[in-house]
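Since the structure comes first, as structure tokens, the remarks are kept for the end.
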Amino acid sequence: MNLMLFGAPGAGKGTQAKFLIEKYGIPQISTGDILREAVKNETEMGKEAKKYMDEGKLVPDSIIIGIIKDRLKEADCKEGFILDGFPRTIPQAEALDELLQELNISLDKVISLNVPDEDIIERITGRRVSKVTGKIYHIKFNPPVDEKEEDLYQRADDTEETVKKRLDAYHTQTAPLFDFYKNKGILVEVDGTKSVDEVTKDIINILN
Ligand code: ADP
Ligand code: ADP
């Protein structure tokens, strides 16, 4: 099953991807995670990407498309994958179409997690990630039960100032993909304002 999770920053894509990985045994491909790993390792690509990420801007398409071309060809994608945070521009979506054609596969579903802007800032500024398990929490909506406070960190770009810029980038560059995939007939909408468990149930119902 080849899936894509679509939605604004903070809509819950990473959170839902973690459940789908377990349920369907297919990997999550998060361009954000791949970029953060490159930043941490101070690779040339990481250093270049960091300039954009710190500013809440999208990283140039050429870098992102390069990452995805390599990643989708890896063996663990043979049974399917969950794209999370990619594509984010029309040129990225067109490059993905070409790549999928080359690999002789197609996207089965694009799941759009709909969450209004007014919820996004609180979600993102309250987001915490575990250094140990990589799990995503929220200080108010999804607090950790069995992880220690000191194992959690806040992403450098999860500040109110940067979120506003990321939301702008989302509306101008990413939102047009909604119609791009609706026109292909593979987009389904989910109310992302429901609880984490309810959203998971809605997604699983759609996929079954
Ligand atoms: P994205 O990957 O789309 O940026 P995340 O999955 O990281 O979003 O979620 C952003 C924040 O919102 C996290 O702190 C997460 O715990 C919280 N969150 C995710 N889904 C929900 C939900 N359905 N209700 C409330 N908070 C949520
Ligand atoms: P979120 O879902 O919370 O916005 P991500 O982890 O997906 O966060 O992305 C973090 C940052 O990484 C983005 O603000 C952007 O700078 C960069 N990035 C991630 N994916 C892409 C992409 N497909 N195209 C361009 N930039 C990206």
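Normalised by 2.2 N^0.38 Å, where N is the number of residues, the C-alpha radius of gyration of the range 152-194 stands at 1.54. Oblate is the label for the range 116-208, because the ratio a/c of its alpha-carbon gyration tensor axes (a ≥ b ≥ c) is 1.5 or higher and a/b is not greater than b/c.
The Stokes-Einstein estimate for the range 100-161, based on a Kirkwood radius over Cα pairs and taken at 25 °C with 0.890 mPa s viscosity, is a diffusion coefficient of 174 µm²/s. Dipole magnitude for the range 1-79: computed about the Cα centre from +1 point charges on Lys and Arg Cβ and -1 point charges on Asp and Glu Cβ, it is near 160 debye. Surface analysis of the chain yields an accessible area of 53 Å² per residue, using protein heavy atoms and a 1.4 Å probe. How big, in percent, is the set of alpha carbon pairs in the range 51-128 lying more than 13 Å apart? Result: 75 percent of Cα pairs exceed 13 Å. Note on the chain: with charges restricted to the Cβ of Lys and Arg (+1) and Asp and Glu (-1), its dipole about the Cα centre is near 100 debye. In a simple Cβ point-charge model (Lys, Arg +1; Asp, Glu -1; nothing else charged), the range 52-146 has a dipole of about 440 debye relative to its Cα centre. Please label the shape of the range 69-184 as rounded, prolate or oblate, based on the square roots a ≥ b ≥ c of the eigenvalues of the alpha-carbon gyration tensor (a/c under 1.5 means rounded; beyond that, a/b larger than b/c means prolate, else oblate). Note, shape of the range 69-184 comes out oblate.
Classify the chain as rounded, prolate or oblate, taking a ≥ b ≥ c as the square roots of the eigenvalues of its Cα gyration tensor: rounded when a/c is under 1.5, otherwise prolate if a/b is larger than b/c and oblate if not. Judged from the Cα gyration tensor, the chain comes out rounded (a/c under 1.5).
Calculated from the alpha-carbon coordinates, the range 1-93 shows an Rg and a Dmax of 13.2, 36 Å respectively.
The values are calculated or read from the model by the stated rules, or taken from the named source; none is laboratory data. Just so it is clear, the model here is predicted, and its values are computed rather than measured. All Cβ positions, glycine included, derive from the backbone under ideal geometry; neighbour counts span all protein chains shown. Just the protein is used for accessible areas: all its heavy atoms, side chains included, with ligands, DNA and RNA removed. Shrake-Rupley method; radii C 1.70, N 1.55, O 1.52, S 1.80 Å.
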